[in-house]
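Input: a single structure, listed below in structure tokens.
Taken together, the values in this text are just the output of simple stated rules run on the coordinates, not laboratory data. Here the structure is a predicted model, which is why all the values come from computation and not from measurement. Here the Cβ positions follow ideal geometry from the backbone for every residue, glycine too, while neighbour counts run over all protein chains shown.
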Amino acid sequence: MGAAIALAMGACGGDDPAATAGPNTTQDSTAATDVTATSDGSSGAGPLPTDGTGPTATGPDSSGPGPLFDLGPTPDVPGVDTVEPPTCFVVDDMDAVGDCSQSAPADSFEPEVQWAWPGENGDIYSVVTPLVANLTDDDANGSIDLCDIPDVVAVAYANLFGGGAHIYVLDGATGVAHFHIDTLVDPTVCPALGDIDDDGLPEIVTATQAGNIVAFEHDGALKWQSAVPWTTFYIAAIALADLDADGDVEIIAGESIYDHEGALVTTVGIAPQYSATTAADLDDDGDLEIILGHAAYHHDGTLLWDSGIGPGFPQVANFDGDPQPEILVTNNAGLAMLEHDGDIVYQGLTPTGDSAGGLGWYRPATIHDFDGDGEAEFAMSSANNYTVYEGDGTIVWSSPVSDLSGVAAGTAFDFLGDGKAEAMYADENDLFVFDDAGLVLLQIPRTSPTGTEYPVVADVDNDGSAEIIVVSSDPINGGMASPPVQVIRDVQERWIQARRIWNQHAYHVTNVREDGTIPQNAKKSWELLNTFRTNAQIEGGGVCMPQPEG
């Protein structure tokens, strides 16, 4: 794919589109232009259009072709007699796998910045993973659905240690802010998006500066605030799941479990500092267990097992020949692997030679088939290196990074549909994209002390091609701050289509449907895709990961 591509950073925005704004919200955005991309010394695509639309953007003020998947009315619209396929709505139960034959030309990795949001109201930093979902009725047809432009949800602040943060909802095609929420939230907590009240629309769930769980409607209106705070909320993440498969969504906040109305249901053990708790059916009983990393609990709070290893970040996938999942735990001691019943496969591995202790190995991991061999690998930072490992902890490749300060994660995506995934990581100074051999394909300046953030991949403008979303925060070592949110696309929009949603830090595709609804009976991600913190190719409404070549 050629040499590394360096993007000279600026910002690009657009005219303020028609936007839906809820109570206590504002609509205002300004941005600069002049973003260029170069490869091997040749000139790139040149400056983006000053209206922020780009060649195929589909924002309300764009002259582009419109959303790729807007095929007209659907059977879900009352009084409309039509046989058009209902592509604006999720119609499967998350178990459909589409045609995996779609691929991009071999020379299709030519990234450029589609838009960069400069921040507003003094909120010019973000240290939280950006999220993606449909929250606004962009085509003004009275329905928020998959034919609207997805929205990027960003948490931005002016001062990390004072003043709190605001949630901003940005148009995925242009970066223009639809609205922001006046209620102050914790600037280090990664929210979760999902339909928690069965009204067909996603809510936004996060924590206040005091640790109280708070939920907002899709338009930013305050829904409720919990009476009981979450005590271990600093630099941590919310997750959503129907733990007991009763049709009601639970909110997972570290060791605390809340119901969909904000009442504390139970607490499970003691969550580690800096947590991203997840849920999975480990004992095959039809409901989900709560996984802190070192320990797992039934949905009612009773202990399933405690492995005895140190606390850490949990990731769930299948790394061996049996049908049960394993839990990869990344903690202060290094890498650990547990069986589904808590038995230890290995622990305390530090293959790169980076020192154990501190936060060097206390980083969330990404699970994907990086090399197209049909088996899952995992990737993570160990402060000085970003490394892809086989399931047994042996190194596939390693590349130097600089991230001594925080607990950032990474992701991966098969942009070309060739069965081999590109790895992504954002350290204190740059966003990196690596090929399947660990060579740097893309290096973009960004700044951060790194917290709960990591780059994500989604089709944020509904054009049928994936984009990368990355945030930036306080400059490191006196450098200049980068825009708080940037979206990177292929210059000709040739990358394989990703899903149009990324709803939480512990994202694993089957935890949420593309319309933001949370499955009552979550499919086992290790059986369908065997990935964690990566997105999937999507075809015809179902999730799909291309089969390895050969």
For the range 168-184, in order, what is each residue's ³J(HN,Hα) by Karplus, 6.51 cos²θ - 1.76 cosθ + 1.60 with θ = phi - 60°, in whole Hz (x at glycine and Pro)? 10, 10, 10, 5, x, 8, 10, x, 5, 6, 5, 6, 10, 9, 5, 4, 6
Quick one: 3J(HN,Hα) in Hz for the range 492-503, Karplus 6.51/-1.76/1.60 with θ = phi - 60°, rounded, Gly and Pro as x. 10, 6, 9, 5, 4, 6, 9, 4, 9, 8, 8, 9
Charge dipole (the range 333-386, unit charges on Cβ, about Cα centre) - positive-most of Ala376, Met337, Gly348: Gly348
Could you grab the relative contact order for the range 169-209? Cα pairs under 8 Å, six or more apart, rounded to a whole percent. 32
Let's test the formula: R0 of 30 Å, r as the Cβ-Cβ distance of Asn159 and Ser402. What FRET efficiency results, to the nearest 0.05? 0.80
Just to be sure I understand the model, the point goes 7 Å from the Cα along the line to the Cβ. What's the resulting Ala140 to Ile344 distance in nm? 6.3
Could you name the lysines whose alpha carbon sits less than 28 Å from that of Lys420, not counting residues in the same chain fewer than 8 places away? Lys523, Lys524
With the 8 Å Cα cutoff and a minimum separation of six or more residues, the range 147-253 has a relative contact order in percent of 18
Check: C-alpha center the range 368-410 vs C-alpha center the range 164-235, spacing in Å is 31
